[in-house]
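The next block holds one structure in the form of structure tokens; read it before the comments.
The values are calculated or read from the model by the stated rules, or taken from the named source; none is laboratory data. The shown structure was predicted, so the numbers you read here are calculated from the model rather than taken from an experiment. Glycine also receives a Cβ, built like all others from the backbone with ideal geometry; neighbour counts cover every protein chain displayed.
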There are 2 protein chains.
Amino acid sequence: MRRVAMVGAGMTQFGELFHLGMKDMLPMAISEAIDSVDKGFERTDIQAVWFGNLIPSDGFSTGIVADYCGLMDVPISRVENACATGNDAVRHGFMAIAGGHYDVVLVVGADKVRETPSSTTFWEWAALTRDSAWDFPLGLIAPSNFALHANRWLYESGNTREHLAMVAVKNHHNGVSNPKAQLRNEITIEQVLNAPIIADPFGLYDCCPQSDGAAAVLLVAEHLADKYTDKPVWVRGAGLGLDRVMHAQKTDLTTFPATVKAAKTAYAQAGLTAKDIHVAEVHDCFTGVELIDYEDLGFCEKFGAGKMIESGAASIGGRLPTNPSGGLKAKGHPPGATGVAQCLEIYQQLRGEAHNQVEGAVNGLTHNIGGPTAAGAVVVLSSQKG
Amino acid sequence: MRRVAMVGAGMTQFGELFHLGMKDMLPMAISEAIDSVDKGFERTDIQAVWFGNLIPSDGFSTGIVADYCGLMDVPISRVENACATGNDAVRHGFMAIAGGHYDVVLVVGADKVRETPSSTTFWEWAALTRDSAWDFPLGLIAPSNFALHANRWLYESGNTREHLAMVAVKNHHNGVSNPKAQLRNEITIEQVLNAPIIADPFGLYDCCPQSDGAAAVLLVAEHLADKYTDKPVWVRGAGLGLDRVMHAQKTDLTTFPATVKAAKTAYAQAGLTAKDIHVAEVHDCFTGVELIDYEDLGFCEKFGAGKMIESGAASIGGRLPTNPSGGLKAKGHPPGATGVAQCLEIYQQLRGEAHNQVEGAVNGLTHNIGGPTAAGAVVVLSSQKG
């Protein structure tokens, strides 16, 4: 396998971008990624593209990338894996270069969740990301779906809603410093606990916003890294795991097996373990999900996530800062872009250029858990080639 | 690059399968593919899956494959590229094995176009496969979209509607012998010419049906081919090409540049040319499209497709039989499955096991053109390792 270097990254603002379509956001993110490359990068250097996109809201996805982003002469495929789409798209770019098929690959992710096609409602899209015959009619859309897990986790672990609230407070705090974040206001534990309940135990501030946005990263084969930068970030591993689609068939709601499988693959490929990770962007679509992520990713012992967030270990300056970008919770969550934007944050962290810089970070991790907690994707990045 | 062998293939009936959901069709196609392997195949041999699916009509696509097909412990990604989805999914499986990532890969494709989710109409899905801001509101759905090309091709080439009709007659004739085909009746030139016009120059019999169905193929690395069969079929190349998404920006309507780009890559990887191909399954969503395909794939000279179909060269027994399965026109067209089922047909042809066997066929080709003629995918297969 060839080693794979990340040499550029860009993203749009995440938010309610009613004034921008896919045809606007995609060129913006791609151009920013190209312009970010230290020693220059020509659009014509790109040999293949993977596009992470949950909702083709402006029509035929790959054709729009080709036509509106000056990429007419390269293969472009759409990858979709619910909210794990972004990191799975990065996994495809990684595999294509590692396997020797291409030397320079663009991975771009985008979605407009705040504005689906005029004739299609949010509810229909929600149905497409879970079992639409059984679970969806029962009301198992995202908040209630993840609430089942969080409630059982609270019950079995002895942790409390205060621990959930600490995630929201931390990620809002981090988001304030990130100019691309959707929600840039500090909040307090009391505000989180007293907010209207959306799906018990999640109140309003336990939930991430729905967002529009795009993000892009540029990957190159090892022998080209020096051409583009003196500070490449190495994609050391990329794993994808699945789990049952129906909640009735999940035997343990306190874990996401899809995450565990994805992490196992990514760590093994990277030759690293959870103990080696210095900074992480994890899937915090709801506060309780970030806490379960800590355990599934090996950041702490089982049911130890409450103690981890309480101790400050997950904050900037702590043992393993998580979601320094603000996370889905504050930065926003356009599903196809989310994982790609996580990679951008870790790229900047490992180059020492992040807004909330984690000092001395060498190894980083990105993580999505998607659909009915049925798809997990993990990417391990490092400033060391390994 | 490692060589890649196809060692099994299966498919459901194509048709109006109102009694079957995705959760029925997927296990049926996958089980038939597994059972087709000469020397036996265990489901647990599968290490990764690519799922070609245009419309996630029963909900979260990859989770349904994992949960309902006994594939919980392997990565599963959805690939979508409009009507080129099937062959692009095969391309992903091919690249993953050739690049050394996995040794045994399942590629499955499925769609239910006759029955989209209850709250979503066909028109919404049609919008998602073209430019939904400009072309779709102008009425450029599939028939009118391809009719623009066929009309200009007829005008410039001097060919006639009779040539288009010959494609329909040939493919219906081939479909009669295929028990999995949706339309199994002979038709005449007169019936085609006298049928109601759908989008000039296409009458009813110039158009393929909309279909439900699933198809699956099993790919393995070279060193495992002998374990599974004494008659492997080698995936020698897989190309993907894009083109502009809006018709106003296409400079020549008599060709599909996406096909030309895809074919160039696939032929080069295979070390073969159009002259080496003995049997082909090409995209005949409308009769005129098959004729343009002949030219784009190099099967005949520019504007020579009328002469080719008229001469019998494309019929069983001719120089280069095309769509021996009945093609999209008679076999049916569930987009995600279509390209995968084309590979099944060529797999059986090159093993000497097809319903309409092309005697002595060694090299075969599959082809899709999708979306607003903006995505082309070509796979080259051979009974010779090369």
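Out of A:320, A:297, A:344, report the one residue that is closer than 23 Å to residue A:92 by Cα and over 12 Å from the mean Cα position of the chain (by Cα).
A:297
If we scan the range A:200-207, do we find a residue that is under 20 Å from the mean Cα position of the chain (by Cα) and within 14 Å of chain B (Cβ to nearest Cβ)?
The answer is no; no qualifying residue exists.
Tell me which residues, restricted to the range B:8-26, are in contact with a helix residue (DSSP H, G or I) (Cβ under 6 Å, 6 or more places away or on another chain) and of a type outside the set (A, V, I, L, M).
Selection gives B:8, B:10, B:12, B:14, B:23.
Let me confirm something: among A:180, A:170, A:227, A:231, which residue is of a type in the set (Lys, Arg), touching a residue at least 60 places away in the same chain (Cβ under 8 Å) and in contact with a Phe, Trp or Tyr (Cβ under 8 Å, 6 or more places away or on another chain)?
After ruling out the rest, the residue left standing is A:180.
Quick one: how many residues across the range B:266-319 are touching a Ser or Thr at 6+ places or on another chain (Cβ under 9 Å) and of a type in the set (D, E, K, R)?
Number of matching residues: 9.
Kindly indicate the residue of the range B:80-125 that is of a type in the set (S, T, N, Q) and over 20 Å from residue B:236 (Cα atoms) and also modelled with the lowest pLDDT among those meeting that condition.
Looking at the filtered set, the residue picked out is B:119.
For the range A:275-328, how many residues meet the condition of being among the hydroxyl-bearing types (Ser, Thr, Tyr) and closer than 21 Å to residue A:86 by Cβ?
Residues that pass the stated criteria total 4.
Take the residues of the range B:348-366 that are among the β-branched types (Val, Ile, Thr) and touching a Gly at 6+ places or on another chain (Cβ under 9 Å): which is nearest to residue B:382 (Cα to Cα)?
Top of the filtered list is B:366.
Determine, yes or no, whether residue B:33 is among the small types (Gly, Ala, Ser) and facing chain A (nearest Cβ under 8 Å).
In short, no.
Within the range A:56-83, take every residue that is more than 9 Å from every other protein chain (Cβ to nearest Cβ) and not in a strand (DSSP E or B) and give me the one that is farthest from the chain's Cα centre (by Cα).
A:70
Could you figure out which of (1) in a helix (DSSP H, G or I); (2) touching a Lys or Arg at 6+ places or on another chain (Cβ under 9 Å) isn't true of residue A:352?
(1)
With respect to residue A:298, is the statement that it is on the phi > 0 side of the Ramachandran plot and either assigned to a helix (DSSP H, G or I) or surrounded by fewer than 22 Cβ atoms within 10 Å (Cβ to Cβ) (or both) true?
For residue A:298, the condition - on the phi > 0 side of the Ramachandran plot and either assigned to a helix (DSSP H, G or I) or surrounded by fewer than 22 Cβ atoms within 10 Å (Cβ to Cβ) (or both) - is met.
Name the one entry in B:40, B:8 that is modelled with pLDDT of 95 or more, within 19 Å of the chain's Cα centre (by Cα) and not in a helix (DSSP H, G or I).
Going through B:40, B:8 in turn, just one is modelled with pLDDT of 95 or more, within 19 Å of the chain's Cα centre (by Cα) and not in a helix (DSSP H, G or I): B:8.
Looking only at the range A:252-290, how many residues end up being within 14 Å of chain B (Cβ to nearest Cβ) and not in a loop (DSSP other than H, G, I, E, B)?
Number satisfying all stated conditions: 12.
Which of the residues spanning the range B:64-85 are buried (at least 24 other Cβ atoms within 10 Å of the Cβ) and within 22 Å of residue B:114 (Cα to Cα)?
Within the range B:64-85, B:64, B:65, B:78, B:79, B:80, B:81, B:82, B:83, B:84, B:85 meet the criteria.
Mind listing whichever residues of the range A:127-153 are under 16 Å from residue A:373 (Cβ atoms) and in contact with a Lys or Arg (Cβ under 8 Å, 6 or more places away or on another chain)?
A:136, A:140, A:141, A:145
Using beta carbons and a limit of 8 Å, which pairs, at least six apart or on different chains, have the first residue in the range A:29-56 and in contact (Cβ under 8 Å) with a residue 40 or more places away in the chain and more than 18 Å from residue A:353 (Cα to Cα) and the second one of a type in the set (Asp, Glu) and part of a loop (DSSP other than H, G, I, E, B)?
Taking only residues 6 or more apart or on different chains, the pairs are A:47/A:103.
Just for the range A:128-153: of the residues that are free of Cβ contacts under 8 Å to residues at least 12 places away in the same chain, among the hydrophobic types (A, V, I, L, M, F, W, C) and within 11 Å of chain B (Cβ to nearest Cβ), which one is farthest from residue A:54 (Cα to Cα)?
If we take residues in the range A:128-153 being free of Cβ contacts under 8 Å to residues at least 12 places away in the same chain, among the hydrophobic types (A, V, I, L, M, F, W, C) and within 11 Å of chain B (Cβ to nearest Cβ), then A:133 is farthest from residue A:54 (Cα to Cα).
Across the range B:301-338, what is the number of residues that are in a helix (DSSP H, G or I), touching a residue at least 40 places away in the same chain (Cβ under 8 Å) and not basic (Lys, Arg)?
Summing the residues that are in a helix (DSSP H, G or I), touching a residue at least 40 places away in the same chain (Cβ under 8 Å) and not basic (Lys, Arg) in the range B:301-338 gives 11.
Just to be sure before I move on: is residue B:305 among the aliphatic types (A, V, I, L, M), surrounded by fewer than 24 Cβ atoms within 10 Å (Cβ to Cβ) and farther than 18 Å from residue B:269 by Cβ in the structure I sent?
When the stated conditions are applied, residue B:305 does not pass them.
Please identify the pairs in which a residue from the range B:62-77 that is closer than 11 Å to residue B:46 by Cα has its Cβ atom under 6 Å from the Cβ atom of a residue that is surrounded by fewer than 21 Cβ atoms within 10 Å (Cβ to Cβ) and at pLDDT 95 or above, counting only partners at least 6 apart or on another chain.
Short answer, once both residue conditions are applied: B:70/B:43; B:74/B:47.
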